[in-house]
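Student: Before I ask anything, here is the structure I am working with.
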Amino acid sequence: MRRKAFDILASGVGLVVVVVLVVAGALMLWGNNYVNSNVHNQLAEQQIFFPSKAAFAHPVAGSEITAAMIPAVSQYAGQQLLTGAQAEAWADHFIAIHLSEMPYGGVYSKVSTAARAAPKNTQLAALEQTSFQGTTLRGLLLEAYGFSEMGTVLLWGAIASFILAFVMLVLVGLGFRHARRTPPDAELLAPKPS
């Protein structure tokens, strides 16, 4: 095979790879934007607000704000819950702590079992409903967090794709340049003269 033909063929394939990488990067950027706007819009509709800074000043066990919540939740004091990171903080460091302080650790399966064993106990029935609502909200917020993490992965994938496309484009340019400089009769794997 002629060296010039090989250089042109390899550079042409490289050009196709560049196009594929750019398209993949663009799709991943679109995916990142779609996920983040969807998470934001869904969370905004819930109108959840973190407690004010004043509430974090004097945490009391068994009240709305406990000392265990401060490291993760206080950074969002007074803000509306709109991002995946905020959803994770609310779910794991606000709701989960309140659930853990309930009888049976707030675990729905345990509370439900106890409530079914005592069907006339109105306190257990109310506890069961509270546990169900808290566990469900926690799960939904963690799902929003998971989707926001997927959006972050898409963003990093897009960045990597664009960087690889740029590197490949440089290599393609060098390949076409080499093809122009190669004599038309040069062989790719020509035997070396002895």
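Just so it is clear, none of the values below were taken in a lab; they were calculated from the coordinates. In this text, all values refer to a predicted model and were calculated from it rather than measured experimentally. So basically every Cβ, Gly included, is an ideal-geometry build from the backbone, and we count neighbours across all protein chains shown.
Student: What number goes with the only condition from (1) of a type outside the set (Phe, Trp, Tyr); (2) exposed (fewer than 12 other Cβ atoms within 10 Å of the Cβ); (3) within 14 Å of TRP90 (Cβ to Cβ); (4) touching a helix residue (DSSP H, G or I) at 6+ places or on another chain (Cβ under 9 Å) that GLN47 does not pass?
Tutor: So the condition that GLN47 fails would be (4).
Student: With (1) closer than 21 Å to ALA55 by Cα; (2) within 27 Å of the chain's Cα centre (by Cα); (3) in contact (Cβ under 8 Å) with a residue 12 or more places away in the chain as the list, and GLU101 as the residue in question, which single condition is left unmet?
Tutor: Going through (1) closer than 21 Å to ALA55 by Cα; (2) within 27 Å of the chain's Cα centre (by Cα); (3) in contact (Cβ under 8 Å) with a residue 12 or more places away in the chain one by one, GLU101 breaks only (2).
Student: For the condition in a helix (DSSP H, G or I), surrounded by 13 or more Cβ atoms within 10 Å (Cβ to Cβ), free of Cβ contacts under 8 Å to residues at least 60 places away in the same chain and polar (S, T, N, Q), what is the one hit in THR135, THR152?
Tutor: On the way: THR152 fails: free of Cβ contacts under 8 Å to residues at least 60 places away in the same chain.
Testing whether each residue is in a helix (DSSP H, G or I), surrounded by 13 or more Cβ atoms within 10 Å (Cβ to Cβ), free of Cβ contacts under 8 Å to residues at least 60 places away in the same chain and polar (S, T, N, Q) leaves just THR135.
Student: A further question on this structure: For region 84-103, give me the residue count where each residue is among the aliphatic types (A, V, I, L, M), farther than 18 Å from LEU43 by Cα and surrounded by 16 or more Cβ atoms within 10 Å (Cβ to Cβ).
Tutor: Total satisfying the criteria: 3.
Student: Turning to a different aspect of this structure: Would you point out the residue of region 160-194, among those that are surrounded by fewer than 14 Cβ atoms within 10 Å (Cβ to Cβ) and of a type in the set (Val, Ile, Thr), that is farthest from the chain's Cα centre (by Cα)?
Tutor: VAL170
Student: I would also like to ask the following. When you look at SER11, is it buried (at least 17 other Cβ atoms within 10 Å of the Cβ) and either of a type in the set (Val, Ile, Thr) or part of a helix (DSSP H, G or I) (or both), yes or no? First the steps, then the outcome.
Tutor: Working: buried (at least 17 other Cβ atoms within 10 Å of the Cβ): yes; either of a type in the set (Val, Ile, Thr) or part of a helix (DSSP H, G or I) (or both): yes.
Spelling it out, SER11 is indeed buried (at least 17 other Cβ atoms within 10 Å of the Cβ) and either of a type in the set (Val, Ile, Thr) or part of a helix (DSSP H, G or I) (or both).
Student: Name the single residue that is nearest to ASP185 (Cα to Cα) among those in region 1-49 being in contact with a Gly (Cβ under 9 Å, 6 or more places away or on another chain) and among the hydroxyl-bearing types (Ser, Thr, Tyr).
Tutor: SER11
Student: Another question about this same structure. Please work out which residue is surrounded by the most Cβ atoms within 10 Å (Cβ to Cβ), limiting yourself to region 105-132 and to residues that are within 32 Å of the chain's Cα centre (by Cα) and under 17 Å from GLY62 (Cβ atoms).
Tutor: Applying the filter and picking the extreme gives SER131.
Student: Here is a follow-up. In region 45-63, is there at least one residue being closer than 20 Å to THR136 by Cα, in contact with a His (Cβ under 8 Å, 6 or more places away or on another chain) and in a helix (DSSP H, G or I)? Reasoning before the result, please.
Tutor: Here is the first cut: in region 45-63, the ones closer than 20 Å to THR136 by Cα are 45-50.
Among the residues that remain, those that are also in contact with a His (Cβ under 8 Å, 6 or more places away or on another chain) are: none.
No.
Student: If I filter region 64-80 for residues that are of a type in the set (Phe, Trp, Tyr), touching a Leu at 6+ places or on another chain (Cβ under 9 Å), assigned to a helix (DSSP H, G or I) and touching a residue at least 24 places away in the same chain (Cβ under 8 Å), do I get at least one hit?
Tutor: First pass over region 64-80, keeping only residues of a type in the set (Phe, Trp, Tyr): 76.
Retained after the next criterion (residues that are touching a Leu at 6+ places or on another chain (Cβ under 9 Å)): none.
No, region 64-80 contains no residue that is of a type in the set (Phe, Trp, Tyr), touching a Leu at 6+ places or on another chain (Cβ under 9 Å), assigned to a helix (DSSP H, G or I) and touching a residue at least 24 places away in the same chain (Cβ under 8 Å).
Student: Related question: Would you confirm, using the coordinates I've provided, whether ALA115 is among the hydrophobic types (A, V, I, L, M, F, W, C) and part of a helix (DSSP H, G or I)?
Tutor: Working: among the hydrophobic types (A, V, I, L, M, F, W, C): yes; part of a helix (DSSP H, G or I): yes.
Spelling it out, ALA115 is indeed among the hydrophobic types (A, V, I, L, M, F, W, C) and part of a helix (DSSP H, G or I).
Student: What do you reckon, is SER37 small (Gly, Ala, Ser), in a helix (DSSP H, G or I) and under 28 Å from the mean Cα position of the chain (by Cα)?
Tutor: On the way: small (Gly, Ala, Ser): yes; in a helix (DSSP H, G or I): yes; under 28 Å from the mean Cα position of the chain (by Cα): yes.
Considered against the rule, which asks whether it is small (Gly, Ala, Ser), in a helix (DSSP H, G or I) and under 28 Å from the mean Cα position of the chain (by Cα), SER37 comes out as yes.
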